[in-house]
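Any read-out appearing in this document is the output of simple, stated calculations on the displayed coordinates, not a laboratory observation. Small disclaimer: the values here were computed from a predicted structure and weren't measured. Glycine also receives a Cβ, built like all others from the backbone with ideal geometry; neighbour counts cover every protein chain displayed.
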Amino acid sequence: MSRFMGIRALSLLLIKAIILAILSYNFGTASSTNATCQELKIVNGSAAEWNNTRHHVSLRSRLKDSYFFGTGHLCGGSLISENIVLCAAHCFADQKTFDGSYLSDEEFVIVMGNLDRFEQNENTLIYDVKEVVKAAKIFNFTSYDNDIALAILNDSVPINHPTIKTVILNDALLHRDTMCEIFGWGETEQVFQFVCLWIRKSFSKGPPHMANLSDILMRLEVPIIAVEDCRNNTTYGNKILDGMLCAGYMAGERDACKGDSGGSLMCNGVQAGVISWGKGCAEPYSPGVYANVAYYKDWILKQSKVHNGVLPVFVNGTVGAVNNVMNGPNAAVANFNFSDSVVVIIIFFMLYIFYLTPNILN
């Protein structure tokens, strides 16, 4: 009997150790530390390349990034002029209270110049955020309305920087099924989904956010979904407000996810949207939702001028006026990797032993 009790105790100990390891994995590096298990559904893309991502930046927590460079990543963003980054407003909101208030501008830094968020070399530029201008004075986490913001940098990016370039913005209506690209260092694998659900039943307030962010900037192709189709044929209905775009696949499987927020939706070489929200990640009939850059054109230009920013450039993105960046491999759907599978097998094995031993002893 003592032998079986020892096995049972050991299995329980191992289960706890694995759970603690999961909870500590990349703790606090996603855009929200109060994420639900649905938000942990993760889809992979293909590695991005320099030719179409030089505008992409990493919005980071100053404090966390000071501990270890790269770990402070919160959201993506786009360099739209020499001293302005376009981002999602919710990236700056207090996601502990979820009361719509914003964190202090001093808590953020913006990093750019590399595809690897952990790499720091001669191309790396780090800027303080002089001021963040939000379209919504109080952010609404229920509607995600006006989920757009401008981060004014404390200095200008050199025009001839080898790995950084401003992006041109779209000011026209996009046609249905226009193929676009999204970029991000967000979560890349569908891991521990059922484990997360099981763990949450054991914690009154749920575990800390679990994230598996990508080291390398990733890309994914997604088609534009007409607004009316998004309202009528998805799970969102009237949640799709004016100023929002939908892009993705009705079948799910491919989408942006946690840590990608604020990044760009690029169509015909210009930025058409800002990654904003969605139901989980890559769920059926729940495509990605984006802030529509063209809708906010006047606001972007006005605020850029008022806050002494260099004015960004807008063009008609439906005619491919800029170099087309849609060439490249199709994005692939993520699968469990070997290490994930081993962890899953171990957990099930330990649970099996834990619950089987009472029957054996009886």
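Per-residue extension of 0.36 nm, minus the Cα-Cα distance of LEU311 and SER156, leaves a gain of 54.6 nm for this segment. Put simply, the Cα atoms of segment 78-145 extend 41, 25, 20 Å along their principal axes, the longest span coming first.
Taking label positions 7 Å along the Cα-Cβ direction at both PHE141 and ASN238, the computed distance is 2.4 nm, reported to one decimal. Name the shape class, rounded, prolate or oblate, that the alpha-carbon gyration tensor gives for segment 46-313, where a ≥ b ≥ c are the square roots of its eigenvalues, rounded holds for a/c under 1.5, and otherwise prolate holds if a/b is larger than b/c and oblate otherwise. Rounded, since a/c falls under 1.5.
Under a 5 Å amide H cut-off, with hydrogens placed 1.01 Å from N, LEU265 pairs with ALA272, GLY273, VAL274, ILE275 among residues at least 5 apart or on other chains. Among LYS137/LYS279; LYS96/LYS134; LYS137/LYS305, which pairs are too far apart, with a Cα-Cα distance over 22 Å? Too far apart for the 22 Å limit: LYS137/LYS279.
When only Cα pairs below 8 angstrom with a gap of at least 6 residues are kept, segment 46-313 shows a relative contact order of 22 percent. Here the simple spin-label model places points 7 Å from the Cα toward Cβ, and for ASP116 and ASP229 these points are separated by 4.0 nm.
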